[in-house]
Amino acid sequence: MIVEILLDGIAFGLMLSLLGVGVTLIFGLGEILNLAHGEFAVICAILAWVLMGAGAGTVLSIVLSLVIVGLIGVVIERFLLFPVYRAKGETRILMGIFVTLGLSLAVHSYLVNTLPTAQFSVRLPVTNIVVGGVILRPSSLATAAISVSVLMLLAFFLKKTYVGKAIRTVAQNETVAQLCGVNPANFRTLIFAIGAVMAGLAGILYGLIATVTPSVGFDLTIYALIVAIVGGVRNVYGTILSGIILGIVHSVSSFFFGTYISLVIFLVAVILIILLRPEGILGEKG
Amino acid sequence: MKKASIIQKLVILGVYSLLPILFGGGDYQLRVLNLLVIFTLFTFSSNMIFGHTRQLFLCQGALVGIGAYLSVILSANLGITPWIVFLIGALVSGGIGSSLSMISSIRKLSIILVAVFTLSFQIIFGELIVGLRNITGGDEGFVIRQDIIPGTININRELTYYYVFVIILFAAILIYSRIINSHIGVAFKCITEDETAAAFVGINVVKYKVFSAFIGSFLFGLIGGIYAYYNLYIAPSMFNLQSTDTLILVMLVLGGMGTLLGPLLGAGVFALIFEFLRPLGQITTLVFGILLIILFVYFREGLVPWLKKLPALYKRL
Amino acid sequence: MSEILSVKNIDVFYEDLQVLRRVNLEVKDKELVLVLGSNGAGKSTLLKTISGLLHPTTGQVHFLGKRIDRLSPCELVRLGIGYVPTEKGLFPLMSVTENLEMGTYIAKARKNKEERLRFVHRLFPVLKQRRNQLACTLSGGEQQMLAVARALMTSPKLLMLDEPSFGLAPKLVLELFKAIKQINLEGTAILIVEQNVRQTLSIADRTYVLENGNIILEGASSEAAAKNPLVKKAYLGM
């Protein structure tokens, strides 16, 4: 029993990690706290719903919507965020917060008004698998498997490839990165697009266990921000860890106390972690 | 210097007093004006907490809500006269706000962490109100059946409440002025510039942050209580992040943080924008969002600093 | 010997403050040129302008015949300019090897990666020893060597160093300058900006003196000593 709850929690937590890592990466490189992050998740899921409604197969719709959300990320970053990059330091952080806030309000309003009936959800055509007396839900398995693969791919990309290392250099010392021939602006766009795609994937995965409607964007953004900030806002590993921990907290408390109180417990856990380790679970940089 | 600012304050009082006449005394206009002053007061409090001591409180809605619910519940169930419960509500909000501030300052939480910390508190508050539905009326809200203004004085309800709020605003402006022009104001300035340096100069950062949080939260709670009796209806959705905190912070930053006129101007401009956008109906938020982006790109320091720079720009032409 | 870098009449402003006034300077192929000046004279600004981090308001900078004063730093690296800032010239959370590898990020340098790595290990053996350590765990002197090595990995034709001796113990300074002279002998032109007069003067071919944003002296090192009493004092070791 406990094992099943833990597994569900880890799966949910990994989905939260996917959301949070996007925020962490975007903040680490551009010092922009993306308040519209949840909206990317919703855009992707709703796009998939639209495509599926137009007759495209499930898998194709999902792949296409991920690609499109990545492109949307590129366009937004280039056209909306370039004045924010001109500011420095605290001004840039504040500007980034409010500009992305405006973006999230606009997107939210647009989606709710033009597609009020949209709802994305996917039910896997597989029944529960039983292994040694433990019931494994296919949605949790799929979520966990896909999230872990993507996160591992990301880790490999950042650690081993030239492009990935270039991204890390921009986060650690932008000036010297330029002196190595790296163009920071291009990489900021790349990381924003990666963040958008990861958010989109999280949105799709969320559709495995619940239904994504145009109005959940803000809640997803708050989850993403909490996970990223609790994990140490520039630390990718910390974000992943905090996502998993909070996912388990959510799952365990939902089972024992029901969804209403579980939210309160979730937030109390967040408060405790913040107060006990203000530097973030694994410290600030990574 | 002091005389000039007294005149300035009297002018502000005068302007606000005459607004009802300016916009015509109809009920709808008066309601808009009431909301304007209420949000001006909110922005004023936020200015104290965020503008002057950089504490990004995302629980401002909750602080207002605490004042609102507390005063309503206490007077409905215990029969205490509303004016005293307003004070109790304000004190409780003030206590909670200053506690949050104290914990954050002692743990040296960064701005972003304070935001998440207070945001968690805000959401918990919302859930508590919904959960304790027997006392609070839960999601459906609470209808207030009492009116605190006795029928004899009451000529026009909206108007009376308006002037109550304006008087409170004026008092707030006076108190604000005294604080900012004293050593406390100097300490605030040092803290916003560089907290570490301020500590080295001997400023007790925690003390000043807690003080500003108390004043701001006290005002939040006070207005919350009066608002409940003005609106005759409160529900948790009125005090959440989206409907309250977001608006307050936007008004504050666009008006100009850390200034006297900033909150006044910010709330005023936004009330105007909202009224213009209202006929658009459903896409109001959409246009609002776009406007927000544009405004922030061009007025990132706020209207008041921008207006101060205008004479210099004019000279260059 | 032809000139590879030529700075003509540049004015550089930092916000509203003028830091460099009508500065003229040139570096010839395989030369080691020194720019001396006290704090605030504008030395860092000069190198930052040449490397593309700042742009002159008037005047021009030419490198290998091309005009470069409007280009960005990442483009200039590809043309062959390597710049080592005074401090923090590396990536603290990456290993020594990773730092060096980033120096070969540009396609042209990637081809020679192994060769450059061997060259750099020969110059600074300690970097080979500590190759898997994180850059932030190295001592000050080792970090400085790593910063220089990183710039070398880009196979620059001109290497610019901003106060390389800053904060280093005298013995390390000696080692560092020996390495710099070696780099120069192997064919890389070098432009050093320094406050530390004595040790650098002896290795430089030509010296400029920068004061308050103006070049007040130029010439072969011994000449400079003859004309400027301060330089003379330092050169003769008094």
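Determine the shape class of region C:19-65: with a ≥ b ≥ c the square roots of the Cα gyration tensor eigenvalues, call it rounded for a/c under 1.5, and otherwise prolate if a/b is greater than b/c, oblate otherwise. It comes out oblate by the Cα gyration axes.
Rounded to the nearest 20 debye, the dipole size of region B:3-316 about its Cα centre is 920 debye, using +1 on the Cβ of Lys and Arg and -1 on the Cβ of Asp and Glu. Relative to the longest principal axis of the Cα atoms of chain C, the long axis of helix C:140-152 makes an angle of roughly 90 degrees. For region C:168-178, 3J(HN,Hα) computed residue by residue from phi via the Karplus equation (6.51, -1.76, 1.60; θ = phi - 60°) reads 9, 5, x, 5, 5, 4, 4, 4, 4, 5, 4 Hz, glycine and proline entered as x. Roughly how many Å² of B:ARG31 are accessible to a 1.4 Å probe, to the nearest 10? Ignoring ligands and nucleic acids, B:ARG31 comes out at about 80 Å². Note: relative contact order over region A:75-146, using C-alpha pairs below 8 Å and six or more positions apart, is 14 percent.
Span-like helix check, chain A: qualifying full DSSP H segments, with Cα axial length of 27 Å or more and mean Kyte-Doolittle of 0.5 or more, are A:2-30, A:58-80, A:89-114, A:138-160, A:184-209, A:236-276. Ranked by solvent-accessible area (1.4 Å probe, protein heavy atoms only, all chains present), the residues A:THR211, B:THR244 order from largest to smallest as A:THR211, B:THR244. When its C-alpha radius of gyration is set against 2.2 N^0.38 Å (N residues), the protein assembly as shown gives a value of 1.10.
Considering only alpha-carbon pairs that sit under 8 angstrom and 6 or more positions apart, the relative contact order computed for chain A is 38 percent. Computed across region A:194-262, the Kirkwood radius stands at 13.1 Å (inverse of mean 1/r, all Cα pairs). Set the Cα radius of gyration of region A:2-276 against 2.2 N^0.38 Å, with N its number of residues, and you get 1.00.
Close amide H pairs (under 5 Å, H built 1.01 Å from N) link B:ILE144 with B:TYR233, B:ILE234, residues at least 5 positions away or on another chain. Ranking B:ASP139, A:ASP8 from most to least accessible surface, computed with a 1.4 Å probe over the protein chains only, gives B:ASP139, A:ASP8. Scanning residues 5 or more positions from C:LEU20 or on other chains, those with amide H under 5 Å from its amide H are C:VAL12, with H placed 1.01 Å from N in the peptide plane. Ligands, DNA and RNA excluded, the heavy atoms of C:MET145 present near 10 Å² of accessible surface to a 1.4 Å solvent probe. Taking 19 Å as the straight-line reach from the Cα of B:LYS9, the lysines in range (excluding those fewer than 8 positions away in the same chain) are B:LYS308.
Only protein heavy atoms count here; under a 1.4 Å probe, C:LYS66 has an accessible surface of about 110 Å². For the protein assembly as shown, the dipole from Cβ point charges (+1 on Lys and Arg, -1 on Asp and Glu) about the Cα centre works out to 1980 debye, to the nearest 20. The rule of thumb for compact globular proteins, 2.2 N^0.38 Å, goes into the C-alpha radius of gyration of region C:94-203 1.02 times.
Summary value for chain B: 32 percent relative contact order, contacts being C-alpha pairs under 8 angstrom separated by 6+ residues. Measuring against 19 Å, Cα to Cα, the residue pairs C:LYS111/C:LYS157; C:LYS113/C:LYS157; C:LYS88/C:LYS113; A:LYS160/C:LYS113 contain C:LYS88/C:LYS113 as the ones spanning a longer distance.
Among the complete DSSP H segments of chain B, which ones combine at least 27 Å of alpha-carbon extent along their axis with a mean Kyte-Doolittle hydropathy of -1.0 or more? TM-like helix candidates: B:2-22, B:27-46, B:82-106, B:111-131, B:157-180, B:205-231. For the peptide C:134-145, the mean number of other protein chain Cβ atoms found within 10 angstrom of a residue's Cβ is 0.
Comparing B:LEU18, B:LEU291, B:MET257 along the charge dipole axis of region B:3-316, the residue lying farthest to the positive side is B:MET257, per the Cβ-charge model. Of the two radii for chain B, the radius of gyration is 0.96 times the Kirkwood radius, both from the alpha carbons; that is the Rg over Rh value. What FRET efficiency comes out for B:ASN204 versus B:ILE135 if R0 is 30 angstrom and r is the Cβ-Cβ distance? Round to the nearest 0.05. For R0 = 30 Å, the calculated efficiency reads 0.15. When only the Cβ of Lys, Arg, Asp and Glu is charged (+1, +1, -1, -1), the dipole of region C:34-137 relative to its Cα centre reaches about 300 debye.
Along the axis of the charge dipole computed for the protein assembly as shown (Cβ charges of +1 for Lys and Arg, -1 for Asp and Glu, origin at the Cα centre), the listed residues C:HIS55, B:VAL304, B:THR196 are led at the positive end by C:HIS55.
With 10 Å bins beginning at zero, the pair-distance distribution over Cα atoms of region C:3-234 amounts to 8, 34, 37, 19, 3 %.
Each of C:LEU36, A:ILE10, B:SER110 was scored by the projection of its Cα onto the charge dipole of the protein assembly as shown, and the greatest displacement toward the positive side belongs to C:LEU36; charges sit on the C-beta of Lys, Arg, Asp and Glu. When DSSP beta bridges are restricted to pairs lying wholly in the protein assembly as shown, around 60% turn out antiparallel. Under 5 Å from the amide H of C:VAL35 lie the amide H atoms of C:ILE192, C:VAL193, C:GLU194, C:TYR208, each residue being 5 or more positions distant or on a separate chain, with H modelled from the backbone and absent for Pro and chain starts. If I fit a long axis through the Cα atoms of helix C:113-123 and take the longest principal axis of the Cα atoms of chain C, what angle between them do I get, 0 to 90°, rounded to 10? Once rounded, the angle reads 70 degrees. Beta bridges per DSSP, both residues in region C:71-218: antiparallel share near 35 percent. Largest accessible area first, the residues C:LYS111, B:LYS309, A:LYS88, C:LYS43 order themselves as C:LYS111, A:LYS88, B:LYS309, C:LYS43 under a 1.4 Å probe with ligands, DNA and RNA left out.
The values are calculated or read from the model by the stated rules, or taken from the named source; none is laboratory data. Computed from a predicted structure; not experimentally measured. Glycine also receives a Cβ, built like all others from the backbone with ideal geometry; neighbour counts cover every protein chain displayed. The protein model used for the area step is the full one, side chains on, heavy atoms only, and it has no ligands, DNA or RNA in it. Shrake-Rupley method; radii C 1.70, N 1.55, O 1.52, S 1.80 Å.
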